[in-house]
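Worksheet for the structure shown next.
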Amino acid sequence: MTTFAVTGATGQLGRLVVRDLLDRGVAPADLVAVVRDEAKAQPLADAGVQVRVASYEDVAALQAALAGVDRLLLISGSEVGKRVAQHGNVVDAARAAGVLRVVYTSLLRADSNTMPLAAEHQATERLLADSGLPTVVLRNGWYVENYTTQLPTYLQVGAIIGAAPDARVAAAPRTDYAAAAAAALLDDGTDTAVYELAGPAASFPELAAALSEAAGQELPYRAVSLEDYRAGLLAAGLDEGTAGFVTALEAGTANGELDGPSTDLERLLGRPATDLRTAVTRLLTPLASRADVVTDAPDRYAKQLVSHLGRRAEFTTEGPESSAQIGSGTARVVVGDGVLTLLAAGPGEESLARVEHVLGSHLERFGARNELVVQWTRSTDTPAAVTPTGA
Ligand SMILES: NC(=O)c1ccc[n+]([C@@H]2O[C@H](COP(=O)([O-])OP(=O)(O)OC[C@H]3O[C@@H](n4cnc5c(N)ncnc54)[C@H](OP(=O)(O)O)[C@@H]3O)[C@@H](O)[C@H]2O)c1
């Protein structure tokens, strides 16, 4: 029996990796989700996964969390500037706990990449090499979601403004990187490797065409100089530091740092990586579903649900209907006669599933004694506009 652990398991990539491992037959009891916020991990606990709480800052908690773990996926943290120390804590804890393999999510061609994000990944790769732990490095390219979540801005501006007109980006959706990470954890034969993970490369005019098609509105790619790009970010309200950082990423993009061969990703996936147009369509297609829950107290359950979720989503109530944004999707709770209707909508499967899960799992918990069952049915009543918010 092999015990697997995933850090950042409540994050967007981590959740997908956990789901992938379970779908591939890993028993929930053999899977440890290392999280910093236990409340956020409730859905994982509900699925039978072992939830252990440890921040990347807390060496003792990390060591306890990794006890008995054979293979660990260290998902790079999101606190830029603090990550070398944080990852170092995880590496130390993994060594102390006797972990047999660490899989780490790095950055495409991290060893030579000049983008400002690369230094922390280079340093982490060095820490792993120095630790003597068998390590599989997943040098992940860009997420397609980095672009799809910016659609509201693109729509507002009426164009995609960039300073990399001749560059290609080999992006792939998170689902592909998650499947590759699950494969790297499960592969019994490979304890040490470096994979450069990238999707099929596309140009920015191709990205603009894919986004235009999904949004139903022409969004041309408009090239500007790096100087004007930075000025545009400042005019949009970014502070000097952030504008400089984002501009440096754009300079790296223009320099071809995000282009790369997709063969390693294909190899780990056992299929071609998802092409940009397919990924954009999947992520942005508006989807909706509904669940009609029969109950003699629809009003009481609606109030309970809205009040409980009020801590994570801002509900607006008008008459019998309450609505809120959850991630990039929308949730509606409608009180009827002897029925409580839940409506979920969002751009793409991921977003829809998140809204369904948040609404459905809470209502089922409140209604446990009355055995309320939430059964979602895909609705043809899809929302007209795609409004992702960059969840
Ligand atoms: N390739 C790309 O295009 C790209 C883009 C963005 C980021 N990334 C990198 O890939 C990683 C995963 O991506 P993602 O989309 O899943 O990001 P994400 O949704 O922000 O997830 C980051 C995860 O790291 C956890 N985390 C952050 N700081 C932590 C700390 N101090 N202690 C414990 N856990 C901590 C977060 O915990 P909570 O759930 O509690 O917040 C979250 O689960 C990112 O963190 C970043 O390093 C790559």
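Odds and ends about this structure:
- Filtering T247, T263, T274, T192 for residues that are β-branched (V, I, T), at pLDDT below 95 and in the same structural domain as L133 (by TED's automatic domain parsing) leaves a single hit, T263.
- Whichever residue in the range 1-19 is assigned to a helix (DSSP H, G or I) and buried (at least 20 other Cβ atoms within 10 Å of the Cβ) and, among such residues, is farthest from the ligand (Cβ to nearest atom): V18
- Members of the range 115-135 found to be more than 16 Å from the ligand (Cβ to nearest atom) and not hydrophobic (A, V, I, L, M, F, W, C), listed by number: R126, D130, S131, G132, P134, T135
- Residue-level check: of (1) more than 30 Å from A180 (Cβ to Cβ); (2) within 22 Å of the chain's Cα centre (by Cα), H357 misses just (1).
- Sub-6 Å Cβ pairs linking a first residue in the range 116-131 that is within 15 Å of V99 (Cβ to Cβ) and in the same structural domain as S76 (by TED's automatic domain parsing) to a second residue that is modelled with pLDDT of 95 or more and among the basic types (K, R), at least 6 apart or interchain, are S131/R95, ordered by first then second residue.
- Subset of the range 20-34 [in contact (Cβ under 8 Å) with a residue 40 or more places away in the chain and outside any loop (DSSP other than H, G, I, E, B)]: D20, L21
- One residue stands out in the range 136-149 among those that are outside any helix (DSSP H, G or I) and crowded, with 24+ Cβ neighbours inside 10 Å: the one that is nearest to the ligand (Cβ to nearest atom), namely N140.
- Filtered residues of the range 60-83 (kept if more than 9 Å from the ligand (Cβ to nearest atom), over 16 Å from V102 (Cα atoms) and surrounded by 15 or more Cβ atoms within 10 Å (Cβ to Cβ)): A61
- Scanning the range 24-47 for residues that are modelled with pLDDT of 95 or more and either of a type outside the set (V, I, T) or surrounded by fewer than 19 Cβ atoms within 10 Å (Cβ to Cβ) (or both) yields R24, G25, A27, P28, A29, D30, L31, A33, R36.
- Selection count, the range 330-345, where residues are in a strand (DSSP E or B) and more than 13 Å from G319 (Cβ to Cβ): 9
- The residue pairs whose first member lies in the range 256-271 and is touching a residue at least 60 places away in the same chain (Cβ under 8 Å) and farther than 24 Å from D191 by Cβ, whose second member is surrounded by 22 or more Cβ atoms within 10 Å (Cβ to Cβ) and β-branched (V, I, T), and whose beta carbons are closer than 9 Å, counting only pairs six or more residues apart or on different chains, are L258/V169; D259/V169.
The values are calculated or read from the model by the stated rules, or taken from the named source; none is laboratory data. Values in this document were obtained by computation on a predicted structure and should not be read as measured data. Note: ideal-geometry Cβ built from the backbone for every residue, glycine included; neighbour counts use all protein chains shown.
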